[in-house]
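Here the structure comes first, spelled out in structure tokens, and everything after it is commentary.
The values are calculated or read from the model by the stated rules, or taken from the named source; none is laboratory data. This is a predicted model, so every value here is computed, not measured. Here the Cβ is made from the backbone with ideal geometry for all residues, glycine too, and neighbour counts use every protein chain on show.
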Amino acid sequence: MSAGREPIVTVRNLRLWYYTRRGVYKALNGVDLEVMRGEVLGVAGESGCGKSTLGLTIMGLLPRNAAIVDGEVLIDGFDVVKPLREYYKKAKKFRPDKNEDALKRLHKEMTRIRGVKVTMVFQEPMTALNPVMPVGYQIAEVLLQHNMSLLAKRRLARARATKDDVKEALNFLRANDYAGLIEYVKAKGLEGLEDQMLAIWRRRDLHDLVKEIRILNMCCDPVNPIIERGLKYTARTNKLPAAPVIRQLVRRELVKEGYRKAAEFLGLLGMPEPEKVVRMYPHELSGGMRQRVVIATAMINNPELVILDEPTSALDVTVQAGILELLNELKQQTNAAFIFISHDLSVLYQVSDRVAIMYAGKVVEVGPRDAVFREPKHPYTQMLMEAVPTLEPHELKGIKGEVPDLRNPPKGCMFHPRCPYAMPICREREPPMVNLGNGHKVACWLYAGGERK
């Protein structure tokens, strides 16, 4: 654990099995992991090692045939898998239909966490986006579901702000006094105005003069008195008014504001002409643009944890570099934590603070990025590093064999059939996680038994 930082997510002894017609797949086999606030944790391993399943479990997005055999996933103290674990332990025989009832309870409890505290960027943006809805609406929908009060405050602030208010607020931006700006708009009763101003001021694709003109135009934007009354109610309660007609009018106004907010956020992410893009459909966008839209959907509500499931795997090298640069900027601008799932070790080295290596549903090594990459301890990690091409000449060595069939995993250490250092104890007992110091841990009998240091 990093000194002075608390974990936002703690995974303890997580065991998840998939019940299928072909047998029971033991997808996760005692995962222990912590994600600290403000850090990027990279998760690597071969395909089929349980990386995506771990991310989906943290999100609570599991199919009905997924059984939580043991363990817990704590997000700020809330146990995500508790309903599924309790059902499995009480049931004499696992039944997917009964497990689905537990999943429904879980989804109901997760509405206050998913999309607010924890979000996920899925592996293929084209399949993650709705093909028949404009991308701007799909981004705005997150705020319409979880943070309508922000949209209402933004719209009311533009209606209330005078030219003098906007000019004075602009002076704070020119002086880079963001704290002063927030205090000023709060004293004037213009909460929500600073969100719009900062979004424009931080854009890199606009000239300073264009930024100032756009900010100065954020005033004297009148709103219908009936709609204004409904917006005030929404800003106060984060709910729509009960009266059907007013409810519809207010929702329509919030959707317009959601499009505006979506365009602002896409501009921050380096999207060209974001005001036009928000009206477009996913098939009209390139791969890099779609990936930015998915990242915007995940980040627009300022979550505390973002899970990125191979966000660059389907992109070409130049677009991939742009997305990685964008993620590094988001990391610096926000205090969010990231779980970056990938099988590309070079990508993880660029973005991660710590790295966890998974094999056959278990974390076999975890530690600071440089420690894991420069001094890998687990034989599996060492063999992964040897299989990565570098600028320096060296012999590329593939890992013999393949990930074991998790319907019938080997006894003891699951890597022992492929390990060149396998000992008799490796075939009999599962190795414990050994702390090597400075947060570097490895699950291997070479270290647990004192053979190596």
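Out of (1) under 23 Å from the mean Cα position of the chain (by Cα); (2) over 26 Å from Gln350 (Cβ atoms), what's the single condition that is false for Val118?
The single condition Val118 does not satisfy is (2).
Check Lys232, Lys239 and return the single one that is assigned to a loop (DSSP other than H, G, I, E, B), farther than 16 Å from Asn171 by Cβ and either out of contact with any strand residue (DSSP E or B) (no Cβ under 9 Å at 6 or more places or on another chain) or in the same structural domain as Leu173 (by TED's automatic domain parsing) (or both).
One residue alone meets the criteria, Lys239.
For segment 272-341, give me every one of the helices (runs of 4 or more DSSP H) that falls completely inside it and has 1 or more residues that are over 21 Å from Arg203 (Cα atoms).
Output list reads 287-299, 317-333.
Out of all the residues in segment 41-66, which are under 20 Å from Tyr359 (Cα atoms) and in contact with a Phe, Trp or Tyr (Cβ under 8 Å, 6 or more places away or on another chain)? Quick ask: steps written out before the conclusion?
Kept after step one, since they are under 20 Å from Tyr359 (Cα atoms), are these residues of segment 41-66: 41-58, 66.
Result: Leu41, Gly42, Val43, Gly45, Glu46, Cys49, Ala66.
Which ones in segment 68-84 are surrounded by fewer than 22 Cβ atoms within 10 Å (Cβ to Cβ) and either in a helix (DSSP H, G or I) or among the aliphatic types (A, V, I, L, M) (or both)?
Across segment 68-84, the qualifying residues are Val69, Leu74, Lys82, Pro83.
Is segment 107-129 home to any residue that is farther than 26 Å from Phe338 by Cα and of a type outside the set (Gly, Ala, Ser)?
So far as segment 107-129 goes, no, none of its residues is farther than 26 Å from Phe338 by Cα and of a type outside the set (Gly, Ala, Ser).
Between Gly55, Gly60, Gly45, which is at positive phi and touching a strand residue (DSSP E or B) at 6+ places or on another chain (Cβ under 6 Å)?
Sole residue among the options that is at positive phi and touching a strand residue (DSSP E or B) at 6+ places or on another chain (Cβ under 6 Å): Gly45.
Name the single residue, out of those in segment 1-27 being farther than 23 Å from Glu109 by Cα, in contact (Cβ under 8 Å) with a residue 60 or more places away in the chain and assigned to a strand (DSSP E or B), that is farthest from the chain's Cα centre (by Cα). Break it down into steps so the answer makes sense when it comes.
Here is the first cut: in segment 1-27, the ones farther than 23 Å from Glu109 by Cα are 1-6, 19-27.
Okay, now just the ones that are also in contact (Cβ under 8 Å) with a residue 60 or more places away in the chain, so 1-2, 19, 22-27.
Okay, now just the ones that are also assigned to a strand (DSSP E or B), so 19, 23-27.
On the way: Tyr19: 27, Gly23: 31, Val24: 29, Tyr25: 26, Lys26: 25, Ala27: 21 Å.
Checking each candidate, the answer is Gly23.
How many residues are touching a residue at least 60 places away in the same chain (Cβ under 8 Å) and either touching a His at 6+ places or on another chain (Cβ under 8 Å) or crowded, with 19+ Cβ neighbours inside 10 Å (or both) if we restrict to segment 270-307? Even if it seems obvious, please write down each step before you answer.
Initially, segment 270-307 is screened for residues touching a residue at least 60 places away in the same chain (Cβ under 8 Å), giving 270, 272, 277-283, 285, 287, 290-291, 293-301, 303-307.
Okay, now just the ones that are also either touching a His at 6+ places or on another chain (Cβ under 8 Å) or crowded, with 19+ Cβ neighbours inside 10 Å (or both), so 277-278, 282, 285, 290-291, 293-301, 303-307.
So the answer is 20.
In segment 226-241, what residues are more than 34 Å from the chain's Cα centre (by Cα) and over 18 Å from Gly189 (Cα atoms)?
The answer is Ile226, Ile227.
Would you confirm, using the coordinates I've provided, whether Ile215 is within 23 Å of Ile300 (Cβ to Cβ), in contact (Cβ under 8 Å) with a residue 24 or more places away in the chain and surrounded by 15 or more Cβ atoms within 10 Å (Cβ to Cβ)? Steps first, please.
On the way: within 23 Å of Ile300 (Cβ to Cβ): yes; in contact (Cβ under 8 Å) with a residue 24 or more places away in the chain: yes; surrounded by 15 or more Cβ atoms within 10 Å (Cβ to Cβ): yes.
When the stated conditions are applied, Ile215 passes them.
Would a scan of segment 85-98 turn up a residue that is under 14 Å from Thr57 (Cβ atoms) and either touching a residue at least 12 places away in the same chain (Cβ under 8 Å) or part of a loop (DSSP other than H, G, I, E, B) (or both)?
yes
Go through segment 385-441 and report how many residues are modelled with pLDDT of 90 or more, outside any loop (DSSP other than H, G, I, E, B) and within 33 Å of the chain's Cα centre (by Cα).
Residues in segment 385-441 being modelled with pLDDT of 90 or more, outside any loop (DSSP other than H, G, I, E, B) and within 33 Å of the chain's Cα centre (by Cα): 4 in total.
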